[in-house]
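The values are calculated or read from the model by the stated rules, or taken from the named source; none is laboratory data. Quick caveat, the model's predicted, so the values are computed rather than measured. Note that each Cβ is placed from the backbone with ideal geometry, even for glycine, and that neighbours are counted across all protein chains shown.
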Amino acid sequence: MYTVKEIFYTLQGEGARTGRASVFCRFAGCNLWSGREADRATAACDFCDTDFIGTDGEGGGMFATAMDLADAIGRTWPEVASSAPYVVFTGGEPLLQLDADVVAACQARGFEVAVETNGTLDAPEGIDWITVSPKPRSELRLTRGHELKLVYPHEVTPESVAHLDFPLFYLQPLDGPDRERNTARAVDYCRENPHWRLSMQTHKFLGIP
């Protein structure tokens, strides 16, 4: 059984694939925060801006099998967009639920499969694109993938993860009341350290999901 907060069609807003048409499948639940505001202050990850509790979002629900979930994802991709179907599994923490059966079922329907994870859990085989976003006060198990995206500034520093096995490294300014200052600091860091690229949450500027 898979518990899904929402499934929706949009454009990828962050990282290397910014602007790409995508189905987002957001699993409910996370291993670093309960999702309840009362627990935020003591959570390992205390800056999450995503609602991942329950199944009441667009396209959300309980899916009994991997094929059922893949069918729901397939129905979300528009018929007019016949090429390059792409699904991003996110959360919460998607690797609490994403397994090889779901990956294979989506790929059998023509989808390229991506995941956005905090990296504290192992990933199933076969995922086409892995984005890891390390979080503070947690053990990083997934130390290789396609892009590493780090919220900046925060407890996990760029220097502490720059040696990991990723071809692409992104700094994403910490959102909130100090976003402008954090963006300026991230820009300066990327200028001084070209190993890193700047990632902006363009979906927030555009007003899309």
>> Can you find, within the range 199-209, the residue that is surrounded by the fewest Cβ atoms within 10 Å (Cβ to Cβ) among those that are out of contact with any strand residue (DSSP E or B) (no Cβ under 6 Å at 6 or more places or on another chain) and either part of a helix (DSSP H, G or I) or in contact (Cβ under 8 Å) with a residue 24 or more places away in the chain (or both)?
In response: Phe205
> Given the residues Val103, Val115, which is the only one that is touching a Pro at 6+ places or on another chain (Cβ under 7 Å), modelled with pLDDT of 95 or more, over 22 Å from His203 (Cβ atoms) and among the β-branched types (Val, Ile, Thr)?
Replying inline: Val103
> Name the residues in the range 5-27 that are under 13 Å from the mean Cα position of the chain (by Cα) and assigned to a loop (DSSP other than H, G, I, E, B), would you?
Replying inline: Gln12, Gly13, Glu14, Thr18
>> So if I check each of Leu168, Leu140, which one is among the aliphatic types (A, V, I, L, M) and free of Cβ contacts under 8 Å to residues at least 40 places away in the same chain?
In response: Leu140
> Within the set of pairs 6+ apart or on separate chains, which have a first residue in the range 38-58 that is among the polar types (S, T, N, Q), a second that is modelled with pLDDT under 90, and C-beta atoms under 9 Å apart?
Replying inline: Thr50/Gly35
> Name the residues in the range 1-22 that are farther than 17 Å from Thr117 by Cβ and of a type outside the set (Gly, Ala, Ser), would you?
Replying inline: Met1, Glu6, Ile7, Phe8, Tyr9, Thr10, Leu11, Thr18, Arg20
